[in-house]
Structure formats: C-alpha cells, structure tokens
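Report on the structure given below.
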Amino acid sequence: MLLYFVLITLALTLIIAARYIVLSGLAHWLLWGRGGERLNARRLNRERPMRAAIREEVRLSLIASAIHAPFAAAALMAWWRYGETQIYTNVSDYGWPYLVFSLFAYLAIQDAYYYWAHRAMHHPRAFRVMHAGHHRARHPTPFSSFAFDPAEALVTAWLLPALVFVIPIHIGALLALVTIMTLASILNHSGWEVMPRRFLEGPIGRHLITATHHSHHHIRFNANYGLYFRFWDRLMGTDAWPSRTERR
C-alpha cells in the first residue's frame, strides 16, 4: 500500500505541476505575449511581468505541487482501492439537481474557508512565513496563481480531499470543480480583465471575484480576501472595488 501511495503521489505531483505550467504559460502567452487587447481584455498591471519574479513563482508552485499531491493521493486511493469516500460515478444515485447543488456547495465551502484562512495569513505574525511568497510580485501574473509558500500550501491542500469523505460528489462535478479552481486562479492573477464590463456590473458578475477585484488585493493587501464570491468580503467590510483610475 505504501508503494502505491508513493507512486500515486509522484504521478500527481507531475500532473499538478504540468497542469499549472501549461495553463499558466498559455495564459501568459495569450495575454502578455500576443497582447490581451486582441482578446478584448483590459490590462490591469502597470508593469510587465519580470522574469526573475516569474522564476520565483514557478519555483514556489513546484514546491506547492509536491505538497498538494499527497493529500490528493490519499483521497484517490481511498476512493479507487477502498471505496471509502463519498465520490460516486452514477448520476442516478443522487440525481441531477443534487449534482449541481453539490458543485456549488463545494465552491461555497472553499470560498468561506479561504476567506478566513487568507485573512489570517495577512496577520503580521503569519504573513512573512505563510503568504509573503505569493505577494513578492506586487503585480500578479498567471504564474502567481499557484505560487504559495510551503506553509500556505499546507493550509490549502487538505480541504478538498477532506470534503470528498464527507459530502457526496459526482466524479464529473469534482473534475469540473478542479477546472474552475484552476482557471479562476490563473485568470484572477493574470493582470488582465477578460470579463466584459457589462458582465462585471451585471446581476451575476457583481457578486463574483474576477481579475479586477483580486488585482486590487495585491495592491492594497487589506481588502478582497475572497476566492470565488464577494459575499464574505462584503459581509465583513473588506470588499473594495478599484476606481477607474486604478483600473487604468
């Protein structure tokens, strides 16, 4: 069993790292290489990404991949070999309404946990050892999306693997969740706003965290701690929307 765990952990480390490098690299090339204007995106960062900063972000991300992998491997083995998780494969087991509900439930739980964990990591006593690496570059890039100090990686790595032991979720919904997590993080750190202004100001967009909202966090530090939704920031008085001047 130990050998299986080690092999799966190694494989997942490579998969997580490759997913990060490929998708972040693609976003960087599309937005900063070719020019985000071609995609009707709006530039948020005043400075272009520095190579030294990107190298450091990649280094931290590779370490974070190795930290996340054992937690994912434990959940995968528990499901695949022992059937001890709440992951299911037949939609009929719970029905389509529950499948959709479970996806949003996972997102809501992640969002709530991350808001408070993120806010705690900004405490002066914790920031230097837990979160400083993520903020080393004042203007984020797609490669910032997974650039976590080891302590921060440990804080974030356990939650999703733990949830699959408690809340039933279809394997397809779980894969969709991982995709949403990855794309949201990359786009929110890209330095470009890819969402149209109408969407941002509309009935759905004004409740979501996008690059405009999160880039402001990297400038102010003391606001906009949420992950997907602006609910907790608004409730706790930490929501800040940049002025038109700050949005360039």
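For the range 40-53, filtering for residues that are assigned to a helix (DSSP H, G or I) and either of a type in the set (Gly, Ala, Ser) or modelled with pLDDT of 95 or more (or both) leaves 2.
Of all residues in the range 63-93, those satisfying the criterion of being over 30 Å from Gly133 (Cα atoms), hydrophobic (A, V, I, L, M, F, W, C) and in a helix (DSSP H, G or I) are Met77, Ala78, Trp79, Trp80, Val91. Among the residues of the range 79-100, some residue qualifies, meaning at least one is aliphatic (A, V, I, L, M), under 26 Å from Asp233 (Cβ atoms) and over 19 Å from the mean Cα position of the chain (by Cα).
When Tyr94, Tyr20, Tyr88, Tyr98 are checked against the criterion of being closer than 26 Å to Ala151 by Cα and not β-branched (Val, Ile, Thr), Tyr20 stands alone in meeting it. Filtering Glu84, Glu37 for residues that are acidic (Asp, Glu), at pLDDT below 95, surrounded by fewer than 19 Cβ atoms within 10 Å (Cβ to Cβ) and in contact with a helix residue (DSSP H, G or I) (Cβ under 7 Å, 6 or more places away or on another chain) leaves a single hit, Glu84.
Scanning the range 40-58 for residues that are open to solvent by 60 Å² or more (accessible area, probe 1.4 Å), at negative phi and in contact (Cβ under 8 Å) with a residue 40 or more places away in the chain gives Arg43, Arg46, Glu47, Met50. Restricting the range 1-34 to residues that are surrounded by 18 or more Cβ atoms within 10 Å (Cβ to Cβ) and closer than 25 Å to Arg81 by Cα, the residue that is farthest from the chain's Cα centre (by Cα) is Ile8.
In the set (1) in a helix (DSSP H, G or I); (2) under 15 Å from Pro161 (Cα atoms); (3) in contact with a helix residue (DSSP H, G or I) (Cβ under 7 Å, 6 or more places away or on another chain), Leu60 fails one condition alone, (2). Can you tell which of Arg138, Arg125 is over 13 Å from the mean Cα position of the chain (by Cα), basic (Lys, Arg) and more than 23 Å from Glu37 (Cβ to Cβ)? After applying the criteria, what remains is Arg125. Applying the criterion of at least 1 residues that are open to solvent by 60 Å² or more (accessible area, probe 1.4 Å), out of contact with any strand residue (DSSP E or B) (no Cβ under 9 Å at 6 or more places or on another chain) and not β-branched (Val, Ile, Thr) to the helices (runs of 4 or more DSSP H) found wholly in the range 134-240 leaves 150-157, 171-188, 197-200, 211-220, 231-235.
Condition first: at positive phi and either open to solvent by 20 Å² or more (accessible area, probe 1.4 Å) or not in a helix (DSSP H, G or I) (or both). Can you find one or more residues in the range 94-114 that meet it? So far as the range 94-114 goes, yes, one or more of its residues are at positive phi and either open to solvent by 20 Å² or more (accessible area, probe 1.4 Å) or not in a helix (DSSP H, G or I) (or both).
The values are calculated or read from the model by the stated rules, or taken from the named source; none is laboratory data. Remember, predicted model here, so these are calculated numbers, not experimental data. Neighbour counts are summed over all protein chains in view; Cβ atoms, including those assigned to glycine, are modelled from backbone coordinates with ideal geometry. Each accessible area value is taken on the protein alone, full model and side chains, heavy atoms only, with ligands, DNA and RNA left out. Shrake-Rupley method; radii C 1.70, N 1.55, O 1.52, S 1.80 Å.
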